[in-house]
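Single-structure report; data block below.
The values are calculated or read from the model by the stated rules, or taken from the named source; none is laboratory data. Note that the structure is a prediction, hence the values are computed from the model and not measured. Glycine also receives a Cβ, built like all others from the backbone with ideal geometry; neighbour counts cover every protein chain displayed. Please note that ligands, DNA and RNA were not included when accessible areas were found on the heavy atoms of the full protein model with its side chains. Shrake-Rupley method; radii C 1.70, N 1.55, O 1.52, S 1.80 Å.
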Amino acid sequence: MTRFLGLGTKTWAVSELMEYIRQLLEDDVVLHDVWLAGEVSNFSRSAPGHVYFTLKDAQAALGCVAWRTVAARLTWQPALGDAAVAHGSISIYGARGTVQLYIDQLLPAGQGDLYAQFERLRDRLRDEGLFDRERRSLPEFPRVLGIVTSPRAAALQDVLRTLERRYPLARVLLAPAMVQGEQAPLQIVAALRALDAREEVDAILLVRGGGSLEELWAFNDERVARAVVACRHPVVTGVGHETDFTIADFVSDLRAPTPTAAAELSAPDQAEIRQRIGAWQGQMEWRIGQRLVEAGQALQRQMHNLQLASPRARIDARRQQADEMILRAGRSLFHTLELWQAGLAGVEARLQVLSPLATLERGYAIVRREEDSAIVASVGQVSAGDGLRVRVGDGEFAAVAGPSLKETKVAQATHGGADDAGDRAIV
Amino acid sequence: MTQETEPSFEEAYRELEATVRRMEAGDLTLEEALAAYEKGVRLARRCQAALDEAQLRVQQLSEGEA
């Protein structure tokens, strides 16, 4: 097959093939994350600061590279022949066609053991369920915050400064403990217990500034981890830098990337509180203003209604009614009067008919005695010389009685006849 | 002692929060709303004063305790 070029095979350029191999290596999951133990040889540092060395055992050797940025972080400078553990990823150096380990961590073999320990403990505690346990929640407004750290550490100052700025209402209880060295784990455990025993503590901050794996080792101690879990108050961890994860971080109730962040996560920010209170004040003012405007409008409506319902209105209405009634009564009275007047006229007419005046107009006369106005109906009532008053149709005149004539027949005739009354008038 | 302001801050804050919520619900009579408003203003002032006066207090546990 190899003789027939062009049938499913190709001729590679060297760099092209190198690139292909690099891709293969870099895509490999295992080679991406390698812990490699070996003996250090050929250790050198280049002018720009990159570090090159070889790790080897009895049968094989592999070139290792630590770029400047990684090299600067290395806390350990190996000597020739030291047993070391390196962590990194495998790739190929094209210019020489050599496979290399590009490292991000280099530790003495003993510390390599530390890592192994770390991983074993981590896995064991995780399998035990300590990482998944229900987390205790932090109060929104902590009154007392316990802090476990070294009293001389910068981490403590970071935490206190942050709390002072954000939430000076808090009271801080510092339980001092060494945070590195052999005694550190037991001191940390004691400090945690001392704080946790206090009823008033709302949360415990377990903090330490950045350091090497060894320096942070106390926070990977199983006793510390179990003490954190055993606390009834919530524990916030802030150990090292963002990239450092310790066992204490895995089991704590809240993991903060740094001590400062631990303080920030443990207490509210007064700036936000003030802002919220200010917003609430505005809200309340707006609400009450709205209510007052509404109430004012309702009041106006009510006043209007009141005016409508007011007795004054009723009085006015009644007064009008009364006026109308008076007017009507007046009119009806007038009508009655008219009726009466009409009736009177009729009565008058009839009276006219009945009146003796009509008789007088026909020539009769009424004679009264002067002295007592008595009507003279008999001769005997009058003596000669008596003054008389004679009423005729259109008036009255005075007369004097003469001697009695005793013509009773005539007088009787006067009573009986109707025609000659004029002749019989007594003059 | 300032220790008294600690619980009272949270209490005042919570009460303020509840008062605002009550006013927002809008089912108060005018008298109740006015009373709630006055109370809210008082609580807000108390909260702010508590923050203004607060100073972080740090106490170290004695050797025997830690």
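Other protein chain C-beta atoms within 10 Å of residue C-beta, averaged over A:272-282: 5.
Taking the DSSP bridge list for the protein assembly as shown and keeping only pairs wholly inside it, about 60 percent are antiparallel. The distance from the alpha carbon centre of the range A:294-330 to that of the range A:6-41 is 105 Å, rounded to a whole number. Where only DSSP H runs of four or more residues are counted, the protein assembly as shown gives -16000 deg cm²/dmol as its mean residue ellipticity at 222 nm, each run worth -39500 (n - 2.57).
In chain A, Cα pairs under 8 Å separated by at least six residues give a relative contact order of 8 percent. In order along the range A:245-254, phi translates into HN-Hα couplings of 10, 10, 4, 4, 4, 5, 9, 6, 6, 8 Hz, rounded to whole numbers, per the Karplus curve 6.51 cos²θ - 1.76 cosθ + 1.60 with θ = phi - 60° and x for Gly and Pro. Peptide B:14-23 shows a mean partner chain C-beta count of 3 within 10 Å per residue C-beta. From the alpha carbon centroid of the range A:124-165 to that of the range A:237-273 is 6 Å. Annotation for the B:A interface, with buried accessible surface near 3800 Å², both sides summed [1.4 Å probe; non-protein components not counted].
Nonpolar atom fraction for the range A:204-284, defined as the carbon and sulfur part of the 1.4 Å probe accessible area, stands at 52 percent. When peptides A:270-277, A:258-265, A:125-132 are sorted by average Cβ neighbour count within 10 Å, with the highest value leading, the order is A:258-265, A:270-277, A:125-132. Think of chain A as a dipole: +1 on every Lys or Arg Cβ, -1 on every Asp or Glu Cβ, centred on the Cα centre; then among A:Trp280, A:Ala225, A:Thr260, A:Trp280 lies furthest on the positive end. Dimensions of chain A from C-alpha coordinates, computed as largest minus smallest value along each principal axis and given longest first, are 207, 75, 42 Å. Label positions at A:Ile315 and A:Ala329, each projected 7 Å from the Cα along the C-beta direction, are separated by 2.0 nm.
Kirkwood hydrodynamic radius of the range A:72-136, from the reciprocal of the average inverse Cα-Cα distance over all distinct pairs: 14.7 Å. In terms of accessible area, using a 1.4 Å probe and ignoring ligands and nucleic acids, A:Thr54, A:Thr359, A:Thr11 rank largest first as A:Thr11, A:Thr359, A:Thr54.
If you find the alpha carbon centre of the range A:58-97 and of the range A:340-386, how far apart are they in angstrom? Spelled out, the Cα-based centre of one part sits 170 Å from the other. Here the calculated FRET efficiency for A:Ala154 and A:Ala72, from their Cβ-Cβ distance with R0 = 25 Å, stands at 0.75, rounded to the nearest 0.05. Here the Debye sum runs over all C-alpha atoms of the range A:96-184 as equal scatterers in vacuum, and log10 of I(q)/I(0) at q = 0.17, 0.20 Å⁻¹ comes out as -1.03, -1.09.
Would you mind estimating how fast the range A:27-182 diffuses translationally, via Stokes-Einstein at 25 °C and 0.890 mPa s with the Kirkwood radius over Cα pairs, in µm²/s? For these conditions, the coefficient is 126 µm²/s.
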